[in-house]
Every structure is written in C-alpha cells, then in structure tokens.
Amino acid sequence: PLYKIAQLVLILAIASRGARSSTPRLHLFNWALKRQERIAVLAAAAKDKKLYVSAWGFDPALASALRFAVAEGLVNALPNTYQLTDTGRLFVDDLQSDNKLLVFEKRDLRTIGKGITEAMVDEVAKGWLTI
C-alpha cells in the first residue's frame, strides 16, 4: 500500500487545487498513471478544459491506500473529498526531494498539472447515471 499512498499524496500535492480531491477524481488519476497514453489524454483535457474520457477504473488498492493514509494522518477525509494534511505535505516534500523515487509519476502529474477540475470529472460522471 505504500506505493499507492505515495501516488495518492503526490496527486493531491501536484495535480489538485487546494491539495484536495474527490474520490472519483483520485481514481481517474490512479487509472491514468497506469498507462502513458492515458496521461496524454488527461494532459490534453487539462489544456482543452474538456475531459474526453467516458469511464475509468476504480481500483480497490487505491481505496485501501486512502484508508491507510487517513489512519496515518497523511490525508483528512472530508465530506465528498480528501485533503492533504501537514503531515502529508512533509511526506510529499520527502518524495519530491528524492530524484530516484516515483520519477515517472511526478513527471506525469506535473505534465497534467491542476487542470483536471472536479467539474470536469462531475460532467463525465453524470453520463454514468442510467435508469
């Protein structure tokens, strides 16, 4: 779980406004980090301000990482969102200072930046609701 926790705090620190994110948005980034072409799609969406992903996977490992991160005080669970804590920021600082850890993840998250908004994710998720 430490790898997923590290990814999680990096997503919050590098690619999230206010170091906070909803669960669906965190799963979107987790899904994207698994393939370079998905990173390219999110980078283009951030630039164009329109998310062109119809669906993405929800990873049980990320759900476990979220629980561990909350238990360890790295993130706070708020209504409908998770936010990086001061302890989490210290962990991120350690990750950022080591140029050999999570090199591709840090690069990819910087490429996307903070341009994938909650509103963009919500717009896609609306399409999931069917009768």
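Assorted remarks:
- Count - residues of the range 54-63 that are open to solvent by less than 60 Å² (accessible area, probe 1.4 Å) and not small (Gly, Ala, Ser): 3
- Total residues in the range 20-40 satisfying the condition of being open to solvent by 10 Å² or more (accessible area, probe 1.4 Å), over 18 Å from TRP128 (Cβ atoms), hydrophobic (A, V, I, L, M, F, W, C) and not in a loop (DSSP other than H, G, I, E, B): the figure is 1.
- Residues in the range 80-129 that are of a type in the set (S, T, N, Q) and either open to solvent by 90 Å² or more (accessible area, probe 1.4 Å) or part of a loop (DSSP other than H, G, I, E, B) (or both): ASN80, THR85, ASN99, THR117.
- Options ASP59, ASP48: the member that is of a type in the set (Asp, Glu), within 28 Å of GLY127 (Cβ to Cβ) and touching a helix residue (DSSP H, G or I) at 6+ places or on another chain (Cβ under 8 Å): ASP59
- Residues that are aliphatic (A, V, I, L, M) and either buried (at least 20 other Cβ atoms within 10 Å of the Cβ) or in a strand (DSSP E or B) (or both), drawn from the range 64-79: ALA65, LEU66, ALA69, LEU74, VAL75, ALA77, LEU78
- Restricting ALA45, ALA69 to residues that are touching a Leu at 6+ places or on another chain (Cβ under 7 Å), closer than 13 Å to ILE11 by Cβ and in contact (Cβ under 8 Å) with a residue 12 or more places away in the chain narrows the list to ALA69.
The values are calculated or read from the model by the stated rules, or taken from the named source; none is laboratory data. If you're wondering where the values come from, they're calculated on a predicted model, not measured in any experiment. Cβ sites come from the backbone with ideal geometry, for glycine too, and all protein chains shown count toward neighbours. The protein model used for the area step is the full one, side chains on, heavy atoms only, and it has no ligands, DNA or RNA in it. Shrake-Rupley method; radii C 1.70, N 1.55, O 1.52, S 1.80 Å.
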